[in-house]
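Asks: I am attaching a structure below and will ask some questions about it afterwards.
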Amino acid sequence: MKALDNILTRTSSSILKAPCPSEEEMNLVYKAALRAPDHKWLRPSRFIQITGEGLDKLSDIFFNFGKNHVKNISKEKLKKYKSIPYRAPMIIVLVSNITKHPSVPDHEQMFTTAAAAQNILLALHALNYSGIWRTGVFAMNQEIEKSFGLGSNQKILGYLYVGTPDGKIKKIPPLDIKDFITKIE
């Protein structure tokens, strides 16, 4: 797939099924991720890859968070929290490992991890897989980060649900780039 075609045709898939990428394919995906812009080469991006029984562990983390940290949570919401990890055969947790640096602020290091996430989604698309980036209550959440054993300098920016797209691929709406561009000449 040509690079621009890959970028222009990538879309998120909310329904994902097996198979997910092989280990060899994921090695390529992670190499692509680590090509994201990275000021001072601090290498802040980390990834937690979850498959198989790991999805059960993530289910327990989400369920226990809801049970122990969300006031007046309904049984239906707890059930939803428990089922969320099973939306895809693989989940990649996006972690930014922030290093204190005089010329690279924390947010810039998180931007690097966000750019790495986009590279992952593009690499998956090039390999005929798909993904969707989810955030919500489980991202940028100290309690969830503790459940993963992360340090106070490590932030979860979101979760990439990964697999083979199932069902209709959503159509990319036409956009007039003039609505998004301001030119100063």
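The values are calculated or read from the model by the stated rules, or taken from the named source; none is laboratory data. All figures in this text were calculated on a predicted structure; none of them were measured in a lab. When we count neighbours, we look across all protein chains shown, and the Cβ atoms used for this are built from the backbone with ideal geometry, even at glycine.
Asks: Which of the helices (runs of 4 or more DSSP H) found entirely inside region 17-111 contain at least 1 residues meeting this: touching a residue at least 24 places away in the same chain (Cβ under 8 Å) and either touching a Pro at 6+ places or on another chain (Cβ under 7 Å) or closer than 20 Å to residue 151 by Cα (or both)? Full working, then the answer.
Replies: Values: elements: 23-33, 53-69, 75-83.
Hits in region 17-111: 23-33, 53-69.
Asks: Can you tell me which of 87, 46 is of a type in the set (D, E, K, R), under 17 Å from the mean Cα position of the chain (by Cα) and under 19 Å from residue 143 (Cα atoms)? Steps first, answer last, please.
Replies: On the way: 87 fails: under 19 Å from residue 143 (Cα atoms).
Criteria check complete, one pass: 46.
Asks: Separate question: Please find, within region 1-16, the residue that is surrounded by the fewest Cβ atoms within 10 Å (Cβ to Cβ) out of those that are in a loop (DSSP other than H, G, I, E, B) and not aliphatic (A, V, I, L, M). I'd like the intermediate steps shown before the answer.
Replies: At the first step, the residues of region 1-16 found to be in a loop (DSSP other than H, G, I, E, B) are 1-2, 10-15.
Subsequent filtering for residues that are not aliphatic (A, V, I, L, M) retains 2, 10-14.
On the way: 2: 8, 10: 18, 11: 13, 12: 17, 13: 24, 14: 14.
By that ranking, first place goes to 2.
Asks: For region 28-55, how many residues meet the condition of being loosely packed, with under 11 Cβ neighbours inside 10 Å and not acidic (Asp, Glu)?
Replies: Just the residues of region 28-55 that are loosely packed, with under 11 Cβ neighbours inside 10 Å, to begin with: 37, 41, 52-53.
Going one step further and asking which of them are not acidic (Asp, Glu), we end up with 37, 41, 52.
The number of residues fulfilling the criteria is 3.
Asks: Considering each of 103, 130, 83 in turn, give the residue that is surrounded by 18 or more Cβ atoms within 10 Å (Cβ to Cβ) and either of a type in the set (Ser, Thr, Tyr) or touching a Cys at 6+ places or on another chain (Cβ under 6 Å) (or both).
Replies: Details: 103 fails: surrounded by 18 or more Cβ atoms within 10 Å (Cβ to Cβ); 83 fails: surrounded by 18 or more Cβ atoms within 10 Å (Cβ to Cβ).
Going through 103, 130, 83 in turn, the sole match is 130.
Asks: Which condition number in (1) touching a strand residue (DSSP E or B) at 6+ places or on another chain (Cβ under 7 Å); (2) modelled with pLDDT of 95 or more is the one that residue 166 fails?
Replies: (2)
Asks: Related question: Are any residues in region 49-66 out of contact with any strand residue (DSSP E or B) (no Cβ under 8 Å at 6 or more places or on another chain) and within 14 Å of residue 138 (Cβ to Cβ), and if so, which ones?
Replies: 59, 60, 61, 62, 63, 64, 65, 66
Asks: Across region 14-31, which residue is nearest to residue 86 (Cα to Cα) among those that are charged (D, E, K, R) and out of contact with any strand residue (DSSP E or B) (no Cβ under 8 Å at 6 or more places or on another chain)?
Replies: Of all residues in region 14-31, those charged (D, E, K, R) come to 17, 23-25, 31.
With the extra rule that they be out of contact with any strand residue (DSSP E or B) (no Cβ under 8 Å at 6 or more places or on another chain), the set shrinks to 23-25, 31.
On the way: 23: 20, 24: 23, 25: 21, 31: 26 Å.
That would be 23.
Asks: Specify which of the listed residues (170, 155) is among the charged types (D, E, K, R), surrounded by fewer than 16 Cβ atoms within 10 Å (Cβ to Cβ) and not in a helix (DSSP H, G or I). So that I can check it myself, show each step before the final result.
Replies: Working: 155 fails: surrounded by fewer than 16 Cβ atoms within 10 Å (Cβ to Cβ).
Checking each option against the conditions leaves just 170.
Asks: Output the residue which, of all residues in region 99-158 that are of a type in the set (Gly, Ala, Ser) and farther than 26 Å from residue 40 by Cα, is nearest to the chain's Cα centre (by Cα).
Replies: If we filter region 99-158 for residues that are of a type in the set (Gly, Ala, Ser), which is where we start, we get 103, 114-117, 123, 126, 130-131, 136, 139, 147, 149, 151-152, 158.
Among the residues that remain, those that are also farther than 26 Å from residue 40 by Cα are: 126, 130-131, 136, 147, 149.
Details: 126: 17, 130: 12, 131: 8, 136: 12, 147: 18, 149: 18 Å.
Residue satisfying both the conditions and the ranking: 131.
Asks: Assess whether residue 89 counts as being within 27 Å of residue 124 (Cβ to Cβ), surrounded by 13 or more Cβ atoms within 10 Å (Cβ to Cβ) and not hydrophobic (A, V, I, L, M, F, W, C). Please lay out each step first, then the result.
Replies: Working: within 27 Å of residue 124 (Cβ to Cβ): yes; surrounded by 13 or more Cβ atoms within 10 Å (Cβ to Cβ): yes; not hydrophobic (A, V, I, L, M, F, W, C): yes.
So residue 89 passes the test.
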